[in-house]
Amino acid sequence: MKIRAKIRIRSFFTFVAAIAVGAVIYVATQEIDQASRIERTAASILKDCADLQMVTHEYLLHHEERAYEQWSMKYDSLSRVLSLVHFKDPEERALFENIKRNQENTKKFFEQIVAAHKESVGFRQVYVDYYGQVEGRLVGQLLIKLESMLSDSFRLHELSNREIGRVQKRTSFFIGIFVIGLALTMAVTSSWVDRSILGPIAELNKGMAVIGAGNLDYKVATKSNDEIGELANTFDYMAENLKRTTTSIEHLNAEIFERRRAEEKLQDALKELKKLDQLKSDFVSTVSHELRTPLAIIKEGIGIVNDGVAGHIAEHQKKVLNTAAKNIDRLTNIINSLLDISKIEAGKIEIRKGFIDLVSLVKGTVAGFKVQAEAKGLKVKSYFEPETKIYAHIDPDKIVQVFTNLIGNAIKFTEKGHIDVSVVEKEDRIECAVTDTGIGIKKQDLTRVFEKFQQFGRVDGAGAKGTGLGLSIARALVEMHDGKIRVESPAQKSLPAGRQGTKFIFTLPRYDKEIVFKEYVSYGLQEAKKKGARLSIIIVGVSHFDKFEKEFSHGGAYALLRQLEEMIDADLRHRGDVVFRTKGELITMLDECAKTDAEIVRDRIKKRLSEYLKRNKLDKKILLSFGVATYPDDAKTDAELIKKARNT
Amino acid sequence: MLYNLKNVNRVNFTFCMIQITNNKLLITQIKSYSLIVLIFTLLAGCSAKDEEPGRLENVTIALVKLEGTALVRIALNNGYFKKEGLDITLNEYDLDSDTLEAVLNGNADIATAGKTPIVKKSFQRQDFVIVGTIYSSDSGVKIVSRRGRGIETPSDLFGKKIGIPKWSEEHLFLDVLLVNHGLTLSDVKLVYDEPQILIKSMEKGEIDACSLREPYAFQARLKLKDNAVVFSGDGIYSTTINLVTLTEYAEGHPLILKRIYRALLRAEEFIRKNKYASIRIIAEELKLEEKYLEDIFGESSYLLRLEQNLLFTLENEARWMIINNLTEKRRSPNYLKYVYKEGLKEVKPEAVTIIH
């Protein structure tokens, strides 16, 4: 049986018992109420009889009108009470009948006495005689009846009181019996429910303790078929599962132990490999450095000989020397690449980011390849709408190197056609691409393109042989900018047979200048805190920049800001100082700069910019604000520092 | 015999009432118990709230300068009348006949008066009622005599020169006292005068004794010092101070009467619980000695009630006046008509024992 059912049964029995007790108490109360009503009536009769006797005496003494009136009132009152009441008990009924009979007689005697008294008034002697007889006859009878009434009413009252006592006793007895019955019912049902619930719970509790101590073979196995029985079965099932799981875990632990040992061995091997790689990088770096200098001297020497400075040389000798010089250039490039890759791997490459217009950067880079491409009959093209600017937060030298590697690679592997360079702004990134019309890359080689020293599938032309490091370096540099690089081949479907083209695409993240600025300040602040140094920022704000932008056009406004930025940059003297633009603001961060020094720099910038605006008659149109704040003098956090610099 | 019978009946009646109360209590308990067992929620009903006094009602009380008016004085002193919403104006009089006159003439709403002026007026007018008794004492009138005049017991008064205020309570008391000791008024030589003059006469030795009510009996005792011999009537005569008003006023202002009753019942409780504080208040009000009041408080009852024996004693006094030809009427009035019991019955039913 379910626990809920047990509890319901217990509640039902308790309820029935309580109803029974309540019913008994109700019936008993009614009985007591009835007895009390009779007792109250008896008391009322007793009081009226006593009062009647008292006013009778008062009347008999002086025959006062007041006493007569009170006698009549009291008689009527007693008559009313006697007419309303009915006694069931034979003794009580007999007494009641006596009282009624005597009451009627008292009235008869009393009225006779009153009449006799009235007749006697005015005839004193006659009255005295007559009253003497009445006293002996009527008054005596009247007083006897009154005494009898009073005595009966006392007895009646006593009996009614006794009846109350009896009812009370009977009621107490029955209430006691039923209350004990209720208590027993509750105790029995409670005990039954408790035993059937608490027993299995105790077994379950014991089982939990045993299993908790580690004995997973223990079974609770309660006989109860209620919710606790179900719980115990579930618990046994859980213990079985736990046992199975524990066994599996033990196996797993052994396996993990083995794997850890293997992993440790691998780690050791990796460390060893890293050491070797580092040794190799150091070796390459050292060798490269050591080779570059003599190579430069050799090239210089060849140049001097080739120019005839060291004496006349024949044409065929020049040819030989030119070939030697070209190979020296090639060797220098190889060495540079080796140096770059070793620096990258050693983590020694320093990225110095700034907000750079990629369009200008690409145009400049493409222009640098013009001669080389034309020499091969190729064209390197880049298409941008006039005045297009695409700003990215990059190290321009490194991105130029990426473009250089990709364009150089494209020229190297393209015999006919052209190379296109594009920069496109996407929603969350800037996408740069270099596409050629060359032979392309075999599908199976695409995954290895960016690995070091990979040279595959491409037909080497004259001078096409490289180090196999260019794409690897490009990937490393792009990733240092939080970007990604990939390759697609074939890149174009409309190319003649034997050519499928290759497209290298790399992405750069788009940065919000405000976020970059905060990152800058936050980074600068962290560094300052580490060093226990100060950090100052100067914010030059352009008032109503939106209006100014409309008036001067987008390009004009930014050109002016760039001009101002360059002027500030030119004014900075410390190596760690930087300046950059956000929308309508020029922010200068002064590394390890005290507040007083920052204020001097601020004044200097102010003077220079004001003079510039005045010279170009812009001082009425453009209003600049100059704020400065220093950590830790003015603020403790980056947000406070920026806020302070903006509000001063 | 009559008094004894009455007392027996009272005892039985009291017993009956206790039984009824006990039974009621038991029934109530059992009912409550059954409800608890059945776990029924009991919702407490709101008890009927006594009517709240609204604005202050003006009531003028004509008050006699006697310590028997203690209930009124304490109620006034302790602010009980004000708490009941009554603004009391007190007009004080030396004689209780004057206080009654003030009510009958419309100069006061309520008077405090002894039985004698009430009975005298009851032969002339029927438009006033007693609404309560606020004081009663079996030692309110005393015989004070000079030591050395051979007066040690009431029987010794035979042939003595005794001073009394004529047709007063003192006169009636002396009459009853003499009759109770086998004498009549004709067995003594009566000298009629005001109490103060009688005290001086006794001091001078011109009269042998005086029948005096308090506080004159106490004053005489002070004057005679160790020469004073005092005895009271051993309960043969009861003095009372009653509240009297016009029938029209009682029937027209039941609410005011109830408020007065409530204030006086509070004063009654105050006296019961604070005897000495009450004595101090009365002593200060009436310029009486606290020592005297301590004696008086021990012999007197300061309770608000309307008792059956009031009617009987009023009739006794009326009959005495008829016998002594103080009135032309030959029958005593029906004093049930001179009692207004409805108000007090509502406020404190057990205080009304007049048979009705």
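The values are calculated or read from the model by the stated rules, or taken from the named source; none is laboratory data. What you see is a predicted model; the values in this text were computed from it and never measured. Heads up, the Cβs are rebuilt from the backbone with ideal geometry, glycines too, and the neighbour counts pull from every protein chain shown. Surface accessibility is based on the protein's heavy atoms, side chains included, excluding ligands, DNA and RNA. Shrake-Rupley method; radii C 1.70, N 1.55, O 1.52, S 1.80 Å.
If you take each beta carbon of peptide A:33-41 and count the beta carbons of other chains within 10 angstrom, what is the mean?
On the way: counts 5, 0, 2, 7, 1, 0, 4, 5, 0.
Counting other chains' Cβ atoms within 10 Å and averaging over A:33-41 gives 3.
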Phi-based couplings in Hz for the stretch A:184-200 (Karplus 6.51, -1.76, 1.60; Gly and Pro marked x): 5, 4, 5, 5, 5, 5, 5, 4, 4, 5, 4, 4, 6, 9, 6, x, x
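Longer than 27 Å from Cα to Cα, which of A:Lys47/B:Lys345; A:Lys326/A:Lys376; A:Lys348/A:Lys376; B:Lys65/B:Lys223; A:Lys353/A:Lys484 are they? Say none if no pair is.
Details: A:Lys47/B:Lys345 17 Å; A:Lys326/A:Lys376 16 Å; A:Lys348/A:Lys376 36 Å; B:Lys65/B:Lys223 21 Å; A:Lys353/A:Lys484 17 Å.
Distance filter (> 27 Å) returns A:Lys348/A:Lys376.
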Efficiency of FRET between A:Thr447 and A:Lys363 - r from beta-carbon atoms, R0 41 angstrom, step 0.05: 0.80
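Please report Rg over Rh for the protein assembly as shown, where both radii come from the alpha carbon positions and Rh follows the Kirkwood definition.
Numbers: Rg = 65.3 Å, Rh = 44.4 Å.
Answer for the protein assembly as shown: 1.47.
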Once the dipole of the protein assembly as shown is set up from charges on Cβ (+1 Lys and Arg, -1 Asp and Glu), the residue from the list A:Ile394, A:Leu586, A:Val284 lying farthest towards its positive end is A:Val284
So, in nm, how far is label B:Lys82 from label B:Leu95 when the simple model puts each one 7 Å beyond its Cα toward the Cβ? 3.5
What lysines does A:Lys265 reach when the alpha-carbon gap must be under 25 Å and sequence neighbours fewer than 8 apart in one chain are set aside? A:Lys274, A:Lys275, A:Lys280
Enter the Cα centre distance for the pair the stretch B:132-171 and the stretch A:395-443, rounded to the nearest angstrom. 147
Specify whether the C-alpha gyration tensor of the stretch A:288-350 places it in the rounded, prolate or oblate class, a ≥ b ≥ c being the square roots of the eigenvalues: rounded for a/c under 1.5, otherwise prolate if a/b is larger than b/c and oblate if not. prolate
What's the center-to-center distance, using Cα atoms, between the stretch B:266-344 and the stretch A:1-56 in Å? 46
For B:Ile134, residues with placed amide H under 5 Å, excluding near neighbours: B:Ile241, B:Asn242, B:Leu243
Karplus ³J(HN,Hα) for the stretch A:475-484 (6.51 cos²θ - 1.76 cosθ + 1.60, θ = phi - 60°; Hz, whole; x = Gly/Pro) runs 4, 4, 5, 4, 5, 5, 9, 6, x, 9
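Determine, from the Cβ-Cβ distance of A:Leu270 and A:His544 and an R0 of 41 Å, the FRET efficiency 1/(1 + (r/R0)^6), rounded to the nearest 0.05.
On the way: r = 60 Å, r/R0 = 1.45.
For R0 = 41 Å, the calculated efficiency reads 0.10.
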Using modelled backbone amide H atoms (1.01 Å from N, in-plane), which distant-in-sequence or interchain residues come within less than 5 Å of B:Asn91's amide H? B:Ile61, B:Ala62, B:Leu63
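With a 1.4 Å probe and all protein chains left in place, how much of the accessible area of chain A comes from carbon and sulfur atoms, in whole percent? Don't skip to the answer; put the middle values down first.
Details: 20180 of 36510 Å².
Ligands and nucleic acids excluded, carbon and sulfur reach 55 percent.
Once you have the Cα-Cα distance between A:Lys370 and A:Thr286, take 0.36 nm times their residue separation minus that, and quote the gain in nm to one decimal.
26.8 nm
Among A:Met73, A:Met238, what's the order by accessible area (1.4 angstrom probe), most exposed first?
Working: A:Met73 65, A:Met238 105 Å².
Descending order: A:Met238, A:Met73.
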With charges only on Cβ, +1 for K and R and -1 for D and E, what is the dipole size of chain A about its Cα centre, in debye, rounded to 20? 3040
Inter-probe distance in nm under a simple model that places probes 7 Å from Cα toward Cβ, at A:Ile349 and B:Asn105: 13.1
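Once Rh is set to the Kirkwood radius over Cα pairs, what Stokes-Einstein translational diffusion coefficient, in µm²/s, holds for the stretch A:218-348 at a temperature of 4 °C and a viscosity of 1.567 mPa s? If you can, show how the numbers build up before the last one.
Details: Rh = 21.9 Å.
This corresponds to a translational diffusion coefficient of 59 µm²/s.
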Along the stretch A:74-79, Karplus-curve 3J(HN,Hα) (6.51, -1.76, 1.60; θ = phi - 60°) to the nearest Hz, with x for Gly and Pro, reads 5, 4, 4, 4, 5, 4
How far is helix A:396-412 tilted, in degrees, relative to the longest principal axis of the Cα atoms in chain A, given as a value from 0 to 90 rounded to the nearest 10? 60
Helix A:3-62 versus the longest principal axis of chain A: what is the Cα-based angle in degrees, 0 to 90, to the nearest 10? 40
Using modelled amide H (1.01 Å from N, peptide plane; none on Pro or chain starts), what sits under 5 Å from the amide H of A:Asp395, excluding residues fewer than 5 places away? A:Gly354
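Go through A:634-643, B:142-151, B:110-119 and give me the packing order, highest mean Cβ count within 10 Å leading.
Details: A:634-643: 16.8, B:142-151: 19.2, B:110-119: 25.6.
By packing density, highest mean first, the sequence is B:110-119, B:142-151, A:634-643.
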Given a 1.4 Å probe, the accessible area of the protein assembly as shown per residue, as a whole number of Å², is 53
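Can you tell me the order of B:297-305, A:263-271 when each peptide is scored by its average per-residue count of other Cβ atoms within 10 angstrom, highest first?
Details: B:297-305: 18.1, A:263-271: 10.8.
The densest-packed peptide leads the list: B:297-305, A:263-271.
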Would you kindly state the longest site-free stretch of chain A, with sites defined as chymotrypsin sites (Phe, Trp or Tyr not before Pro) in a DSSP loop (not H, G, I, E, B) surrounded by at most 13 other Cβ atoms within 10 Å? A:124-382
Charge context of B:Leu71, other residues only, Cβ under 10 angstrom, K/R +1, D/E -1: +1
Nearest 10, in degrees from 0 to 90: the angle of helix A:595-615 to the longest Cα principal axis of chain A is 60
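I'd like the interface area for chains B and A: accessible area of each alone minus the complex, both sides summed, 1.4 Å probe, protein heavy atoms only. What is it in Å² to the nearest 100?
Working: alone 18490 and 38210 Å², together 53190 Å².
Rounded to the nearest hundred, the buried surface is 3500 Å².
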Which net charge results when you count Lys and Arg as +1 and Asp and Glu as -1 among the other residues whose beta-carbon is under 13 Å from that of B:Thr89? -3
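Nothing charged except the Cβ atoms of Lys and Arg (+1) and of Asp and Glu (-1): what's the magnitude of the dipole of the stretch A:514-647 about its Cα centre? Round to the nearest 20 debye.
Numbers: 27 positive and 23 negative charges, 67 e Å.
In debye, rounded to 20, the stretch A:514-647 gives about 320.
What does the charge count near A:Ile302 come to, summing +1 for each Lys or Arg and -1 for each Asp or Glu among other residues with Cβ under 15 Å from its Cβ? Can you show the working numbers first?
On the way: positive: A:Lys299, A:Lys318, A:Lys319, A:Lys326, A:Arg330; negative: A:Glu300, A:Asp307, A:Asp329.
Result for the local shell: +2.
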Using the charge dipole of the stretch B:91-166 (Lys, Arg: +1 at Cβ; Asp, Glu: -1 at Cβ; taken about the Cα centre), state which of B:Pro154, B:Asn107, B:Gly132 has its Cα farthest towards the positive end. B:Pro154
